[in-house]
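The values are calculated or read from the model by the stated rules, or taken from the named source; none is laboratory data. Since this is a predicted model, take the numbers as computed values, not measurements. Cβ placement follows ideal geometry from the backbone for every residue including glycine, while neighbour counts extend to all protein chains displayed. When the accessible area is computed, the model is the full protein with side chains, heavy atoms only, and any ligands, DNA or RNA have been set aside. Shrake-Rupley method; radii C 1.70, N 1.55, O 1.52, S 1.80 Å.
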Amino acid sequence: MRTVFCLFFFGTLYWLCVTLWPPLKPVYSGMWEANRGKAQVFLFGDHEERSALLIGSSLSARLPMSSKDKIYNLGLSGGSAMTGLELVSRISNPPKLIFVEINYIERGLDEKFIESVDSTLARRISLFRIENRPLNYFLSFMRNPPWGKSAIDKSDIHSFLRPLGLTESVSDLKDRAVCVPEQAPKKQRPPGKAFEINIKQKKSIEAAGVNRKVLLERIKQLQSYIDKLEQRGAKVVLFEMPVNPQLQKGKRLVQVRKILRSHFPPQYFYDMSKVVDFSSFTTSDGLHLAGAECQFFASHLRQEIMKQIQ
Amino acid sequence: MDFTSGDFFVFCTVVFFLYYIPVLHKWQQLVLIAASLVFYAWQAPILLVLLACSCLISSWSSYGVLTANNSSGRIRIAALGVVANLMVLAFFKYKFLFFDPSQLRAIHAGWTRTVLLLPLPIGISFYTFHGISLLVDCYRGKSDFFEQYKPNFWRHIFDTLLYLVFFPQLIAGPIVKSKDFFPQIQIKRFTQINWDYACNSMIVGFFLKMVIANNMQDQTFWMNAPYYKAHSTLNLSILLIGYSVQIFADFAGYSLIALGLAALFGYRLPENFNFPYISQSIAEFWQRWHISLSSWLRDYLYIPLGGNRKGMLRTYLNLIIVMFLGGLWHGAAWSFAIWGLWHGVGLCVERFFFKIFFVGASNRVMIMLRVLFVFTFVSFGWLFFKLQNFSDVIGYVSALITHLGWRFDPAVPWVIFLLSLPVIIYHLAYILCIKLTMWPRAILNGILLFFIITNAGPNVAFVYFQF
């Protein structure tokens, strides 16, 4: 009984803290948790505030989108577009425009992930959401003190907290290094032997291609999601993230591109390569765009999204 | 069924009430056996067939040993039973060491292929070891209990069934010796439950598993290939420490939950962990880590092999054999065998340099250095658990040596530190002999429960489930 009393006491105390001083900006303790947090913010947040949505893997998860433009980036690092589409299908009013990254379309729906983010408790009680978990609340509290302006100015907070790893919501080194210009390393290391080995490994994976049966299954699934979203007034656009030119021509990606083009009419695709030359783009590991390119691609995509919304 | 799942909570509650209903008192043992079988069959009912076969082998042969008239008959039946148990284990666990299932799929057809491709039944390593323990204990008859234990056939079958399938320890131990479990089989009363022990064990266990191990999993993900290649020496070292904390929290957490659950049903299982990361030697580590396995290996393998009674060289050989087989027990991969050898060789070297290693035995600095050395040694060993591909282990170690410099990604280490803190405090509290009285214990339990409810990580299977 004493234990139960203590549990209620601490629970109430914590609930009061979270209610009185909610985290100003969610901070997560890792990439996977950031995925879950991002998904919950999308599911339980204000849907009216989003007119466009970006869905995909870590390739698009790194594209900086501003809430000012009402674009929400639901790219899931290590995840798939299918998981993102499943999340969209669970909300009552989906955004008008949904951009779906096709690079890893063969990845299936992660049901465990969906289960972990869309629980009844989290849906009804905000205390049980990822962003309000005590560890994340503590991290967020240290980064953005709830009493507003801190005694230390913003840049000092960053320099003070950087050794503690509290400067960004996504803890992945590459995520922070490549996509946030002010944090990007001043001196980029030139691609060395390790990079070449990395590309070689990825090329062999790409060369193996993808099981056609699996791919067809995914496309069927994608078609069904698109149909449901269109019935609810959303427009779906498929796009491809640029990768290293050697991988761009890999068997797997060519296969994905070809089969998608044969299933969906041209108006479903947005091909930025017609406007921008990607051949000179550099990546951090062959797949993920490097800092400047990431910004560049994101700004072009933002423009296109704004154009299509209007 | 996972201990941390909602299904298990409902299952356990129902079984608990059925178990203690006065009208079912006479059938308590049957209730527990039936519940354990449901628990085991929850995801793959087909596996019950193998479990049933294993139970029959162990119960028939042990009954044969108990009732045989002469010693040669007893030894023959016991040997047959042990060999049969080992064959079941060897076939299901180690067959894939010798052939590639994908090749088999392409070449053969028919029932041989079906049998050869049967998956590894969950918990097989544990229940076959229980079976062997029963046979050996019945044969030796050394304990007071087995000297006087003369049951009828059906009584023995049910006792054996409960011993082998008792659900808190069925999937991942602790490995209970039959001489410790059989005497406990009797009618249990609700009033006899040791609530403090059961609740404390379960709360600490669930905290270690759900809050520490499951959240740590997200951080140590970066140890996997190819991600480790991008990290510096410092980060890789911190990740390795994180994994040591994770594997401890995962397995010790599971064991504590098992102990607490067993206590709810009136059974006392042996402690499986005794603060292993304060060990000052590798030998001491094995007296504190997975105690039930190490004592099983000592009693049923090391001592029968001759232990340390047959000279120095033979002792070293015995240590290496036992640790090698202990490593292989964990899984059908050479990385586990190498992990066993790593510890076996470590034990031999430590034994050889015993006097040098224990210089200044009571000096605090020396004690800390020894603890640090053992922790580092053990942590390197965990690489074989985390990275089951041997080339990745080599890659990780070479990255650890070559990626020098102070390039430091602070995010992961900071979270690893926060998550390791409770485990460090847990060990420190033991060293400082801190005993909590009623209210501080309740406050601590309240805090732990609060974290279990609000800060549990994503559900990840227990590391030892694969064994």
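Structural remarks
- Of the helices (runs of 4 or more DSSP H) lying entirely inside region A:22-92, those carrying at least 2 residues that are within 14 Å of chain B (Cβ to nearest Cβ) are A:31-44.
- Among residues of region A:123-136 being more than 11 Å from chain B (Cβ to nearest Cβ) and farther than 16 Å from A:LEU20 by Cα, the one that is farthest from the chain's Cα centre (by Cα) is A:ARG124.
- Helices (runs of 4 or more DSSP H) enclosed by region A:198-276 - at least 3 residues per element that are surrounded by fewer than 16 Cβ atoms within 10 Å (Cβ to Cβ): A:212-231, A:251-263
- The conditions of being open to solvent by 60 Å² or more (accessible area, probe 1.4 Å), touching a residue at least 60 places away in the same chain (Cβ under 8 Å) and not β-branched (Val, Ile, Thr) are not met by B:LEU18.
- When residues in region A:11-67 are screened for being hydroxyl-bearing (Ser, Thr, Tyr) and in contact with a Pro (Cβ under 6 Å, 6 or more places away or on another chain), 1 of them pass.
- Of all residues in region B:41-60, those satisfying the criterion of being touching a residue at least 24 places away in the same chain (Cβ under 8 Å) and closer than 14 Å to B:LEU161 by Cβ are B:LEU51, B:CYS53, B:SER54, B:CYS55, B:ILE57, B:SER58, B:SER59.
- So B:PHE16, is it in contact with a Leu (Cβ under 9 Å, 6 or more places away or on another chain) and farther than 16 Å from B:ILE124 by Cβ: yes
- Some residue of region A:1-11 being assigned to a loop (DSSP other than H, G, I, E, B), modelled with pLDDT under 85, more than 16 Å from the chain's Cα centre (by Cα) and facing another protein chain (nearest Cβ under 10 Å): yes
- Candidates B:ILE187, B:ILE193, B:ILE203: the one that is among the hydrophobic types (A, V, I, L, M, F, W, C) and within 23 Å of B:PHE462 (Cα to Cα) is B:ILE203.
- Residues that are of a type in the set (Gly, Ala, Ser), buried (at least 18 other Cβ atoms within 10 Å of the Cβ) and on the phi < 0 side of the Ramachandran plot within region A:283-301 comprise A:SER284, A:ALA290, A:GLY291, A:ALA298, listed in sequence order.
- Counting the residues of region B:278-306 that are touching a Ser or Thr at 6+ places or on another chain (Cβ under 9 Å) and more than 21 Å from B:ASP180 (Cβ to Cβ) gives 2.
- Put simply, of B:VAL38, B:VAL31 the only residue that is touching a helix residue (DSSP H, G or I) at 6+ places or on another chain (Cβ under 9 Å), without any contact (Cβ under 8 Å) to a residue 24 or more places away in the chain, in the same structural domain as B:PHE129 (by TED's automatic domain parsing) and surrounded by 13 or more Cβ atoms within 10 Å (Cβ to Cβ) is B:VAL31.
Yes/no matrix, rows are residues, columns are (1) without any contact (Cβ under 8 Å) to a residue 24 or more places away in the chain; (2) surrounded by fewer than 16 Cβ atoms within 10 Å (Cβ to Cβ); (3) in contact with a helix residue (DSSP H, G or I) (Cβ under 6 Å, 6 or more places away or on another chain); (4) assigned to a helix (DSSP H, G or I):
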{"position": "B:ALA79", "(1), (2), (3), (4)": "yes, yes, no, yes"}
{"position": "B:VAL82", "(1), (2), (3), (4)": "no, no, yes, yes"}
{"position": "B:ALA90", "(1), (2), (3), (4)": "yes, yes, no, yes"}
{"position": "B:LYS93", "(1), (2), (3), (4)": "no, no, no, yes"}
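- Test: B:ARG288 is basic (Lys, Arg) and within 28 Å of B:LEU259 (Cα to Cα): yes
- Taken together, B:TRP439, B:TRP414 contain a single residue that is open to solvent by 40 Å² or more (accessible area, probe 1.4 Å), touching a Lys or Arg at 6+ places or on another chain (Cβ under 7 Å), of a type in the set (A, V, I, L, M, F, W, C) and within 14 Å of chain A (Cβ to nearest Cβ), which is B:TRP439.
- Condition met for B:ALA258 (open to solvent by less than 40 Å² (accessible area, probe 1.4 Å) and within 23 Å of B:GLY381 (Cβ to Cβ)): no
- Hey, B:TRP60 more than 28 Å from the chain's Cα centre (by Cα), part of a helix (DSSP H, G or I) and not β-branched (Val, Ile, Thr) or not: no
- Exactly one residue out of A:SER29, A:SER89, A:SER66 is modelled with pLDDT under 85, surrounded by fewer than 21 Cβ atoms within 10 Å (Cβ to Cβ) and of a type in the set (S, T, N, Q), and it is A:SER66.
- Every condition in (1) within 14 Å of another protein chain (Cβ to nearest Cβ); (2) open to solvent by 10 Å² or more (accessible area, probe 1.4 Å); (3) under 28 Å from B:ILE453 (Cα atoms); (4) in contact (Cβ under 8 Å) with a residue 40 or more places away in the chain is met by B:ASN224 except one, and the failing one is (3).
Here's the yes/no breakdown for (1) outside any loop (DSSP other than H, G, I, E, B); (2) crowded, with 22+ Cβ neighbours inside 10 Å; (3) at negative phi; (4) out of contact with any Cys (no Cβ under 8 Å at 6 or more places or on another chain):
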| residue | (1), (2), (3), (4) |
| --- | --- |
| B:ALA263 | yes, yes, yes, yes |
| B:GLN280 | no, no, yes, yes |
| B:GLU284 | yes, no, yes, yes |
| B:TRP296 | yes, yes, yes, yes |
| B:GLY307 | no, no, no, yes |
| B:LEU317 | yes, no, yes, yes |
| B:ILE320 | yes, no, yes, no |
| B:TRP339 | yes, yes, yes, yes |
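- Leading residue by the ranking (farthest from the other protein chains (Cβ to nearest Cβ)) among those in region B:227-236 that are in contact (Cβ under 8 Å) with a residue 60 or more places away in the chain and either surrounded by fewer than 17 Cβ atoms within 10 Å (Cβ to Cβ) or in a helix (DSSP H, G or I) (or both): B:THR233
- Whichever residue in region A:95-122 is of a type in the set (S, T, N, Q) and touching a residue at least 24 places away in the same chain (Cβ under 8 Å) and, among such residues, is farthest from the other protein chains (Cβ to nearest Cβ): A:ASN103
- Residue, farthest from B:GLY253 (Cα to Cα), within region B:453-462, restricted to residues that are more than 7 Å from chain A (Cβ to nearest Cβ) and open to solvent by less than 20 Å² (accessible area, probe 1.4 Å): B:GLY457
- Looking across region B:202-221, the residues that are open to solvent by 10 Å² or more (accessible area, probe 1.4 Å), within 22 Å of B:ALA442 (Cβ to Cβ) and not aromatic (Phe, Trp, Tyr) come down to B:MET202, B:ILE203, B:VAL204, B:MET210.
- Pairs with Cβ under 8 Å, 6+ apart, first in region B:150-162 and at negative phi, second surrounded by 17 or more Cβ atoms within 10 Å (Cβ to Cβ) and among the acidic types (Asp, Glu): B:PRO151/B:ASP159
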